[in-house]
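Read the structure below first, then the notes.
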Amino acid sequence: MVKERAIGLIWLTAASVATLTVFFILLFLLRDALPVFETVGIVEFVFGETWNPTGATPSYGAWPLIVGTLLVTLGAVAIAVPLGIGSAVCLAELAPPRVKAVVKPAIELLAGIPSVVYGFFGLVILTDWLRISFDVPSGESWLAGSILLGIMALPTIVSVSEDALSTVPRAYREGSLALGATRWQTISRVLVPSALSGITAAVILGLGRAIGETMAVMMVTGNAAIIPDPITNVLSPVRTLTGTLGIEMGEVAVGSLHYHALFGVAVVLLVITLVVNLAALWIMARIRAGQGAAFPGADRRQVKRVLSVIAVLAAAAVIFAVLPPVPALAVLLVAAAVSLARNHVSPATAEKIAFSTLWAAIGIVLFILGIILLFIVVNGLPALSWEFLTQAPRDLGRAGGIFPAIVGTLCLVGGAILFALPIGIGAAVYLTEYTRSGRVTALIRSGIDLLNGMPSIVFGLFGFTFLVLFLNFGVSLLAGMVTLGLMILPTVIRTTEEALKTVPMAIREGSLALGATRWQTIRQVVLPPALPGILTGTILSIGRAAGETAPILFTAVVFSKRFLPTSVFEPVMALPYHLFILTTNVPGAETNQYGTALVLLILVVGIYAAAIALRNHYQKNVRW
């Protein structure tokens with residue numbers, strides 16, 4: 001009995017780590033932000049119109065950064081939502097099973113591409129295309145950031161929306177068809193409204209992904225702390241909250257007012273992401289409570305009308321921003337005429353038009369994926385050689401190889417997994433096997449959800465102030481391991497918890513009825529069949545840790561190092577950071593840029609592909 005209690009206490013401690021981490025992150029961010037709030041004032045800091053902390057008269061107004069973040073995010077949502085929802089509807093309702101089995105994992109692979117690779121693609125291809133297409137001096141702009149973040153938010157919106165559509169009861173579909181509705185009428189008037197809450201949650205989660213992104217926006221938005229004039233000028237450079245942290249944190253003097261102002265920016269970013277995540281959690285809770293109907297009756301119709309108005313206004317703003325006034329007005333008039341005439345189009349014709357549009361949406365998504373992969377692979381293959389993979393960099397990365405960066409990345413990932421895996425599995429075991437609903441459980445779950453939604457740059461700042469400075473680890477491999485471990489901890493907990501829930505309760509009851517203790521049942525009966533799910537979560541965590549740059553930016557990495565680390569207290573090279581510096585600071589290193597991007601892409605996408613294959617294999621073979 002004593003042993004059982006001791007084991008339960010250990011798992012409770014593991015489960016509390018996520019909540020304690022959230023508490024410490026808030027504590028350290030607020031502690032370091034407090035001086036700027038006291039000196040400048042919270043209102044002046046948030047709504048001040050000038051951000052110039054290095055000027056002769058320093059100014060600490062974060063409003064241009066907040067506006068830049070919101071503009072880039074809204075643009076990303078305007079691009080990602082129609083493509084994402086259209087692709088999800090097509091996958092859920094139109095695609096044959098064999099097509100769906102190939103296309104859905106392909107879209108999910110978009111999530112596996114590291115953000116720094118997206119940024120590299122955006123900086124080299126997208127900004128150049130915008131510069132030529134719109135005849136502007138530079139393509140680094142709000143529009144470039146929105147397009148790139150829109151692409152990055154697509155997998156989340158597609159995956160969650162498709163899941164929401166798939167959970168709509170089959171009877172809804174059959175009832176509508178039995179009453180004589182066409183397939184399109186059934187989809188648009190029965191299935192999509194029934195899954196509206198899940199689709200809304202998908203959009204909010206995609207929104208959170210866009211707000212928290214650092215490296216990609218830092219590479220393509222121009223990083224000018226100004227508010228576009230006019231506000232609809234999508235070709236104006238902007239700077240985001242995350243971009244400001246990424247650019248200025250590495251150069252600021254610790255303890256200066258500028259240093260504290262950056263933590264103030266982090267607090268503002270954290271508040272925005274917490275609001276978005278809490279909204280998503282509320283909607284998901286309504287979904288669970290209402291079995292897929294978070295907005296019943298009149299509420300649902302009201303939400304639908306509000307979303308429609310927002311979509312129309314967003315589309316009009318984008319059209320007027322991109323096109324001159326006369327063509328923009330013509331496009332809107334044509335759209336209005338089509339909208340008015342739709343009631344006079346036969347259901348069969350409307351269905352053909354709608355299905356063509358849905359297939360076009362998924363075609364665009366796959367085209368984007370193909371272009372990014374083709375660009376990296378075709379340009380990166382010539383750089384790959386035995387020398388490139390096994391030697392240290394020379395001439396600031398223009399020559400030599402990336403061996404220390406590969407080893408450094410593997411060390412960081414290995415250490416992060418060693419840190420997160422036992423804690424994550426222990427927390428999941430406690431939440432699944434040792435506790436029921438209650439205040440403590442709700443607090444722990446809220447901590448895990450909030451930790452999961454935090455921007456990666458916030459983990460980097462916390463690692464810097466807590467591990468590097470407060471615990472005096474210095475910029476080191478150990479600080480990077482722990483920071484990455486904390487970042488992937490929610491993924492390990494969630495995937496392990498889901499894997500444990502798939503084991504039927506009757507298996508546990510049978511074991512207990514035969515006289516086994518609770519821990520014996522968990523260790524010998526529950527954990528073995530859940531192992532594939534735990535392994536999948538571990539692989540996904542490895543992929544995420546290997547592709548992240550922001551958390552290790554201030555905690556673990558250096559650009560160039562000829563020798564491998566001999567201690568966990570030494571800094572290391574890492575592939576994402578090496579690619580970022582090569583792309584943004586080293587002219588004449590194009591060959592090694594492409595080669596580094598390809599190696600990083602193979603590493604991370606290969607890990608994600610293994611996780612998807614493993615999931616599909618066990619979904620087919622596990623039967624209870």
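Computed values, structure above
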item: Residue-wise HN-Hα coupling along the range 198-215, computed from phi with Karplus coefficients 6.51, -1.76, 1.60 (Hz; x: Gly, Pro); result: x, 5, 4, 4, 4, 5, 5, 5, x, 4, x, 4, 6, 5, x, 6, 10, 5
item: Length released on extending from residue 394 to residue 101, taking residue separation times 0.36 nm less the Cα-Cα span; result: 101.0 nm
item: Rel. contact order, % - alpha carbon contacts under 8 angstrom, at least six apart, the range 109-259; result: 30 percent
item: Proximal aspartates and glutamates relative to residue 100, as straight alpha-carbon distance under 15 Å, when same-chain residues fewer than 8 apart are discounted; result: 108, 162, 163
item: Using a Förster distance of 30 Å, the FRET efficiency for residue 6-residue 470 (Cβ separation, nearest 0.05); result: 0.45
item: Per-residue HN-Hα couplings for the range 238-244 [Karplus 6.51, -1.76, 1.60; θ = phi - 60°; Hz; x = Gly/Pro]; result: 9, 10, 9, 4, 5, x, 4
item: Spin-label zone in the range 197-221 - amide nitrogen under 18 Å from a point set 7 Å from the Cα of residue 132 along the C-beta vector; result: none
item: Total charge dipole magnitude, the chain, about the Cα centre, Cβ charges on Lys, Arg, Asp, Glu only, Debye to nearest 20; result: 2160 debye
item: Burial order of peptide ranges 118-127, 145-154, 456-465 (average beta-carbon count within 10 Å, highest first); result: 145-154, 456-465, 118-127
item: Residue 61 long-range amide H proximity, modeled H, under 5 Å; result: 50, 51, 52
item: Distance between modelled label sites at residue 516 and residue 436, nm, 7 Å Cα→Cβ extension; result: 2.2 nm
item: Listed residues 515, 434, 21: farthest to the positive end of the dipole of the chain (Cβ charges); result: 515
item: For the range 351-425 and the range 36-97, distance of Cα centres in Å; result: 26 Å
item: Gap separating the Cα centres of the range 467-499 and the range 541-588, nearest whole Å; result: 16 Å
item: Where labels lie 7 Å past Cα in the beta-carbon direction, separation of residue 418 and residue 346 in nm; result: 7.0 nm
item: Förster radius 30 Å - calculated FRET efficiency between residue 233 and residue 253 (Cβ-Cβ, nearest 0.05); result: 0.30
item: Taking the range 521-624 and dividing mean pair separation by its residue count, relative contact order in percent (alpha carbons under 8 Å, at least six apart); result: 35 percent
item: Ordering of 223-229, 10-16 by packing [mean C-beta count within 10 Å, highest first]; result: 10-16, 223-229
item: Given charges at Cβ of Lys, Arg, Asp, Glu: the chain dipole, positive-most of 530, 127, 417; result: 530
item: Calculated [θ] (222 nm, deg cm²/dmol) that DSSP helices of n ≥ 4 give over the chain, each run adding -39,500 (n - 2.57); result: -23500 deg cm²/dmol
item: Backbone HN-Hα couplings from phi across the range 590-607 [Karplus 6.51/-1.76/1.60, Hz, Gly and Pro as x]; result: 4, 4, 6, 4, 4, x, 5, 4, 5, 4, 5, 5, 4, 4, 6, 5, x, 5
item: FRET efficiency, 1/(1 + (r/R0)^6) with R0 35 Å, evaluated for residue 224 and residue 31 via beta carbons; result: 0.70
item: Virtual spin-label span in nm between residue 329 and residue 377, 7 Å along Cα→Cβ; result: 4.8 nm
item: Overall form of the chain per C-alpha gyration tensor (a/c, 1.5; a/b vs b/c); result: rounded
item: Placed amide H near residue 401: partners under 5 Å, 5+ positions off or other chain; result: 391, 392, 394
item: Given charges at Cβ of Lys, Arg, Asp, Glu: the chain dipole, positive-most of 585, 452, 333; result: 452
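Read-outs: derived from the displayed coordinates by stated rules, not from any lab. From a predicted model like this one, the values you see are computed outputs, not experimental measurements. Quick reminder, even Gly has a Cβ in these numbers, built from the backbone with ideal geometry, and neighbours come from all protein chains shown.
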